[in-house]
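Colleague: Take a look at the following structure, please.
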Amino acid sequence: MTLPVADSATVRSRTGALLRQHSAKLTGVVSLHTLAALAGLVGPWLLGRIIDDVTSGTTAAALNTMVAILVAAVLAQTVLVRFAQRNAMILGEEVFADLREDFIAKITALPLSTVEQTGTGDLVARTTNDIDRVQYTVRFGVPRVLVCLATILLTVVAGLLTNALVALATFVGVPVLVLATRWYLRRATPAYLRESASYAAINGSLTESVEGARTVDALSLGKRRRERIDADISEAFKAEKYTLWLRTVLFPGIDAAFILPIVAVLLWGGYLVANGHATIGAVTTIALYAMQMMNPIEELIFWLDEIQVGAASISRIFGLELVEKDRTASGEQPEDQQIRTEDLRYAYREGQDVLHGIDLDLQPGERLAVVGPSGAGKSTLGRMLAGIHPPTGGTAAVGGVRLVDLPLEDLRKQVALVTQEHHVFVGSLAQNLRLAKNEADDDELHRALAAVDALGWARRLPRGLDTEVGSGGVALSPAQAQQVALARLVLMDPHTLVLDEATSLLDPRAARHLERSLSAVLHGRTVVAIAHRLYTAHDADRVAVVDAGLISEIGPHHDLVEAGGDYAALWESWNQE
């Protein structure tokens, strides 16, 4: 599954809305740059006046006055440019901060089912390469484009006011400029989208290869993975080569558009001077204006290219808004805490069911152990019971309300899932725990850590709860990180818990001790424990054996052992190990 990409209309609309939020500061930046551009126009105009005055005769005092005005204009331009650039940088940072916060909000609100089906490559590319490109464009590109446009417009107006006939020659490069730019723009956006997609493919291949390094080594998949990565790199090279070719066509055309106006002004201006329709000073002024426009036009074209890169990236970022929700809140409230499934089915791929019509009633306060061979559908069933995925058939409900009809915030107050996967965020241990309950005080955090047998090592940290953990801080072991995840679960305090091999990273003795500690905390809650260690099943009220997407057996541990079925065989095998 590939995440959507926003179309041009959506990008323009969202970008316009973002800029309107900062319209006052944006106007201030453009105004300062406009004043700086006006000050920059004074120099060529004065130089032309000096030439004409010297030609017709003038005084030293008049020349000194014009030189003084020229110096003042240069100083004014310097000061204005300094403050304009400073304000532009601040504006860029503020706009990008808003964009980044909005992006984080969107990506953390993505349906988990979408995230799992998409994979890591596309998401990593959008949160790294695409964000970096947009960051550069927003911080520098948008203000500079507006400034360049204002400078070019003012320079053209100044040339026309100086001598309209001579100024006509400055437009001879426009057809070349327009043709080269239009040719480039028609090809640039799809080319840069292809380039971004190729980066996403490389990220995905590399990430999957690194994360699955042991599997690659065990199954001798190294050659196949290298071939896959080589193919992805080859595609990225072709995409980069094509965008580079586009630039090699664009830039010579732009250079020609720069040179033609200057040559035309001198030739046409010389003809007009010879026929008495212009002065040497006017021709000089307009020639200088033509040269002066080279920098803003060149910068504008540079940013035109960079903005195409940024536009391709921002369309991928805004594309997150187009991801369809996998649930719609109905507004219904559960009547009780009982979870029930009826004819529950789920397929990751259409027509290939993983679960085949499961009926299950969970009584409040019951502990159900779900066991079975790998690939039988245990984790998928756990995700259905936690409301992670909408069923593709049948229902999974709490208190008579389908789990997918509840808002996510309300759902997590009802049911929570903890898997063997975990993450420690950069920040203090307390901040990591308060992700589950922002208003929790230190005493609550200590109780949660004690419940998962983590209070001892937490107190031994250099600064206790205030110790920085994660990247750049104190490195927690996998077992400690998993205990932090379980402590968050205690703080969330839902009435139903789904533990998907949540203690698998602990050694058997530590896991047994932790699960006994959790027993006191989980008293009175409904618990679904998906595990491959059968002592969990021994302690449960009931055991459900899942095989090939169906519950083949369900009942108390001792009854299933005496029945001599699938569970009895699993229990005997476990005891022998």
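Colleague: Just the residues that are surrounded by fewer than 17 Cβ atoms within 10 Å (Cβ to Cβ) and either acidic (D, E) or under 29 Å from F251 (Cα atoms) (or both), please, taken from segment 308-352.
Modeller: Selection gives E321, E324, D326, E332, E335, D336, E342, D343, E350.
Colleague: Ok, one more. Show the residue pairs that are 6+ apart or on different chains and have beta-carbon atoms under 7 Å apart, the first residue being within segment 71-96 and surrounded by fewer than 18 Cβ atoms within 10 Å (Cβ to Cβ), the second being in a helix (DSSP H, G or I) and aliphatic (A, V, I, L, M).
Modeller: A76/A39; F83/L32
Colleague: Between residues in segment 442-463 that are assigned by TED's automatic domain parsing to the domain that holds L429 and modelled with pLDDT of 90 or more and residues that are in a loop (DSSP other than H, G, I, E, B) and not aromatic (F, W, Y), which pairs lie under 7 Å by C-beta distance while being six or more apart or on different chains?
Modeller: Going by the 7 Å Cβ cut-off, the qualifying pairs are L461/T467.
Colleague: Oh, and also: State yes or no: is P407 outside the structural domain of T189 (by TED's automatic domain parsing), over 19 Å from P494 (Cα atoms) and surrounded by fewer than 17 Cβ atoms within 10 Å (Cβ to Cβ)? Reasoning before the result, please.
Modeller: Values: outside the structural domain of T189 (by TED's automatic domain parsing): yes; over 19 Å from P494 (Cα atoms): no; surrounded by fewer than 17 Cβ atoms within 10 Å (Cβ to Cβ): yes.
So P407 fails the test.
Colleague: Looking only at residues that are assigned to a helix (DSSP H, G or I) and in contact with an Asp or Glu (Cβ under 8 Å, 6 or more places away or on another chain) in segment 116-163, which one is modelled with the lowest pLDDT?
Modeller: The first filter runs over segment 116-163 and keeps only residues assigned to a helix (DSSP H, G or I), leaving 116-118, 120-162.
Subset that is in contact with an Asp or Glu (Cβ under 8 Å, 6 or more places away or on another chain): 120-121, 136-137, 139, 141, 144, 148.
On the way: T120: 64, G121: 67, Y136: 76, T137: 77, R139: 72, G141: 76, R144: 76, C148: 80.
Only one residue fits best here, namely T120.
Colleague: Looking at (1) touching a Gly at 6+ places or on another chain (Cβ under 7 Å); (2) outside any loop (DSSP other than H, G, I, E, B); (3) among the acidic types (D, E), which is the only condition E335 fails?
Modeller: All conditions pass for E335, except number (2).
Colleague: Would you be able to say whether some residue in segment 15-31 is touching a Leu at 6+ places or on another chain (Cβ under 7 Å), assigned to a loop (DSSP other than H, G, I, E, B), at pLDDT 80 or above and closer than 26 Å to E93 by Cβ?
Modeller: Of the residues in segment 15-31, the ones touching a Leu at 6+ places or on another chain (Cβ under 7 Å) are 18-19, 22, 25-26, 29-30.
Imposing the further condition that a residue be assigned to a loop (DSSP other than H, G, I, E, B) reduces the set to 22.
Checking the rest, the ones that are also at pLDDT 80 or above come to 22.
Now drop any that are not closer than 26 Å to E93 by Cβ, which leaves 22.
Within segment 15-31, one or more residues are touching a Leu at 6+ places or on another chain (Cβ under 7 Å), assigned to a loop (DSSP other than H, G, I, E, B), at pLDDT 80 or above and closer than 26 Å to E93 by Cβ.
Colleague: Still on this model: Restricting the search to segment 414-436, which residues are under 22 Å from L403 (Cα atoms) and under 25 Å from the mean Cα position of the chain (by Cα)? Even if it seems obvious, please write down each step before you answer.
Modeller: Quick first cut of segment 414-436, residues under 22 Å from L403 (Cα atoms) only: 414-419, 436.
If the condition is that a residue be under 22 Å from L403 (Cα atoms) and under 25 Å from the mean Cα position of the chain (by Cα), then L417, V418, T419, A436 are the ones that fit.
Colleague: Looking at segment 213-233, is at least one residue within 42 Å of the chain's Cα centre (by Cα), farther than 30 Å from T34 by Cβ and surrounded by 19 or more Cβ atoms within 10 Å (Cβ to Cβ)?
Modeller: Yes.
Colleague: Inspect all residues belonging to segment 105-113 and state whether any of them is free of Cβ contacts under 8 Å to residues at least 24 places away in the same chain, surrounded by fewer than 18 Cβ atoms within 10 Å (Cβ to Cβ) and not polar (S, T, N, Q). Break it down stepwise before answering.
Modeller: Kept after step one, since they are free of Cβ contacts under 8 Å to residues at least 24 places away in the same chain, are these residues of segment 105-113: 105, 108-109.
Restricting the remaining residues to those that are surrounded by fewer than 18 Cβ atoms within 10 Å (Cβ to Cβ) gives 105, 108-109.
This time we only want the ones that are not polar (S, T, N, Q), so: 105, 109.
For segment 105-113, residues free of Cβ contacts under 8 Å to residues at least 24 places away in the same chain, surrounded by fewer than 18 Cβ atoms within 10 Å (Cβ to Cβ) and not polar (S, T, N, Q): present.
Colleague: On to the next question. Answer with yes or no whether R14 is in contact with a helix residue (DSSP H, G or I) (Cβ under 9 Å, 6 or more places away or on another chain) and under 30 Å from S313 (Cα atoms).
Modeller: On the way: in contact with a helix residue (DSSP H, G or I) (Cβ under 9 Å, 6 or more places away or on another chain): yes; under 30 Å from S313 (Cα atoms): yes.
Criteria met by R14.
Colleague: If you go through segment 171-221 one residue at a time, how many are at pLDDT 85 or above and in contact with a Pro (Cβ under 7 Å, 6 or more places away or on another chain)?
Modeller: Total satisfying the criteria: 1.
Colleague: Of all residues in segment 527-557, count the ones that are in a helix (DSSP H, G or I) and either surrounded by 18 or more Cβ atoms within 10 Å (Cβ to Cβ) or in contact with a Gly (Cβ under 8 Å, 6 or more places away or on another chain) (or both). Break it down stepwise before answering.
Modeller: The initial filter retains those residues of segment 527-557 that are in a helix (DSSP H, G or I), namely 535-539, 557.
Now drop any that are not either surrounded by 18 or more Cβ atoms within 10 Å (Cβ to Cβ) or in contact with a Gly (Cβ under 8 Å, 6 or more places away or on another chain) (or both), which leaves 536-537, 557.
Matching residues across segment 527-557 total 3.
The values are calculated or read from the model by the stated rules, or taken from the named source; none is laboratory data. What you are looking at is a predicted structure, and each value in this text was computed from that prediction instead of being measured. Cβ atoms come from the backbone with ideal geometry, glycine included; neighbour counts cover every protein chain shown.
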